[in-house]
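The values are calculated or read from the model by the stated rules, or taken from the named source; none is laboratory data. Keep in mind it's a predicted model, so treat the numbers as computed, not measured. Quick note on the areas: whole protein, heavy atoms, side chains included, nothing else; ligands and nucleic acids left out. Shrake-Rupley method; radii C 1.70, N 1.55, O 1.52, S 1.80 Å.
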Amino acid sequence: MPVKTGGLLLILLLVAVAVVCDGGGEFPARVLTLARAFPANKTVELDILKARDRVRHARILQGFTGGVVDFNVFGTSDPYYGGLYFTKVKLGTPPKEFNVQIDTGSDILWVTCSSCSDCPDTSGFGMPLNFFDAASSSTASMVSCSDRICSSNIKIADASCSDGDQCSYEFNYADNSGTSGHYMTDLLHFDTVIDPSMIANSSAFITFGCSTYQSGGLTKSDKAMDGIIGFGQHGLSVISQLFAQGITPKVFSHCLRGDGNGGGKLVLGEILAPTMVYSPLVPSQLHYNLELQSIAVGEQLLPIDTSAFGTSYNQGTIVDTGTTLSYLTAQAYDPFVDAITAAVSQFATPVVSNDEQCYLVTSRNSVDMIFPEVSLNFAGGASMILKPEKYLMQGDPIFLQEGGVPWCIGFQKASNGVTVLGDLVLKDKIFVYDLSRNRMGWTDYDCSAEVNVSIKSYNNEYVDGHLSASISLRFITLEVLLVHILLWSLIW
């Protein structure tokens, strides 16, 4: 808020984007003191103020030491309305925006290349599809076979040099879809929270995939996106590349909203919450593996052999935002369904719809009163409590004709030994992937609400988890802030 003092107007001015900070009084805002170039009673053209401020912002950014990157989240976990979450990234010079699915089960960021001839050109999400054209970006460069990414000392399984001097890649996903293309390097543009009183428009060079071929579900227009942003642990993931450059901490968080129109928050940094519980990540794994130890339905601990939850090359429990539903191994799925069926036998009739286990509910009681809570118990004493709406889905409406409301179990029986926790159970929770301390945290949360984010210096390593500053962000445009400044200057 601007205040008049000694002929100077003290304002909270942010870099390129303004933010109103609410620290709850615990952390005083850092205020930048700007000398006025014009008398307070004189009308000033907005463009003049903006031009003058851009010079100051450039000076401020020379001392930039990294911070927290914030992404907007769109989409929903509802399988009948797409069943995926996505964000927007800006690549190139000038920046071009791409809608990319958020996927913690894969590593790289890739977008569709303009040279892809068989890739979808329309999307069932009602948005235009964009294609990356290297010739249209003045900062784009091809990754050659001599680049360290393709060199023998750190060569990754999906990189090859079969196509001339281009470093090519090929990825295949668990749903039998796939993509191939070549690696590019270009600027990624993003907003960085530097401290509780400043957000900067920033950019950094990153390596990403330019897709020239897609297969399987990626070719279908109903769920077509511009690409996928992988948040895995590999060195080519966005989180790893930005951390290596000292821009972000080695931790990221998301909060995926389950109700309404979905959406949520994605932060390259640590979202804070007092009720967070943590469980160690299983080390040396390709995915984010947790050690699931037991499952309880209501007060009943299910009779599942602990070997069903062991971690090996083809077994374990992974967290994956790219999976819409969730999957249990056969050893766990059958006892799970049996326990649910027994618990609701007085209020619901078991039915099978499209090979899914469902229940026809004729009682007027709410679903929360009929179905029990489920507890997934992990190493370190951390439990993930699932209310009925976190493991149930609305069933086929044809059963409404029989006088009841169908509810189906959202967990599926895995065809292999891997338990996958997808958006079904991840929604309406904060999840923190703390890679510096090799752990994952979570807690229930209203993902439409503001979040507190830890702000620190991240030049080398994310050192500790103590709160050094927290912010609650509400974004407004720089133009709006400057208009307010002008109004105050006229009044004062």
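So the values come out like this:
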item: Residues whose placed amide H lies under 5 Å from that of T321, excluding near-sequence neighbours; result: T104, G105
item: Segment 305-356 - percent of accessible surface contributed by carbon and sulfur, probe 1.4 Å; result: 48 percent
item: Nonlocal amide H pairs with Y213, under 5 Å, H built at 1.01 Å; result: S180
item: Length-normalised contact order of segment 300-391 in % [C-alpha pairs under 8 Å, at least 6 apart]; result: 17 percent
item: Full-extension gain in nm, N72 to D446, via 0.36 nm per residue minus C-alpha separation; result: 133.1 nm
item: Distance histogram in 5 Å bins (all Cα pairs of segment 204-262, percent per bin); result: 4, 14, 19, 16, 17, 17, 11, 2
item: Vicinal HN-Hα couplings computed from phi for segment 135-144 (Karplus, 6.51 cos²θ - 1.76 cosθ + 1.60; Hz; Gly/Pro x); result: 5, 8, 10, 6, 10, 7, 8, 7, 8, 8
item: 3J(HN,Hα) from dihedral phi, segment 316-322, Karplus parametrisation 6.51/-1.76/1.60, rounded to Hz, x for glycine, proline; result: x, 10, 10, 9, 9, 6, x
item: Extension reserve of the S415-S114 stretch, reckoned as 0.36 nm per residue once the Cα distance is removed; result: 104.7 nm
item: Backbone HN-Hα couplings from phi across segment 333-350 [Karplus 6.51/-1.76/1.60, Hz, Gly and Pro as x]; result: 5, 4, x, 5, 5, 4, 5, 5, 4, 5, 5, 10, 4, 7, 10, 9, 9, x
item: Gain on full stretching of the segment that runs from A135 to F205 - 0.36 nm per residue minus C-alpha separation; result: 23.5 nm
item: Over 31 Å between alpha carbons, listed pairs K223/K427; K96/K390; K220/K387; K223/K413; result: K96/K390; K220/K387
item: Alpha-carbon centroid distance for the pair segment 217-244 / segment 263-305, whole angstrom; result: 22 Å
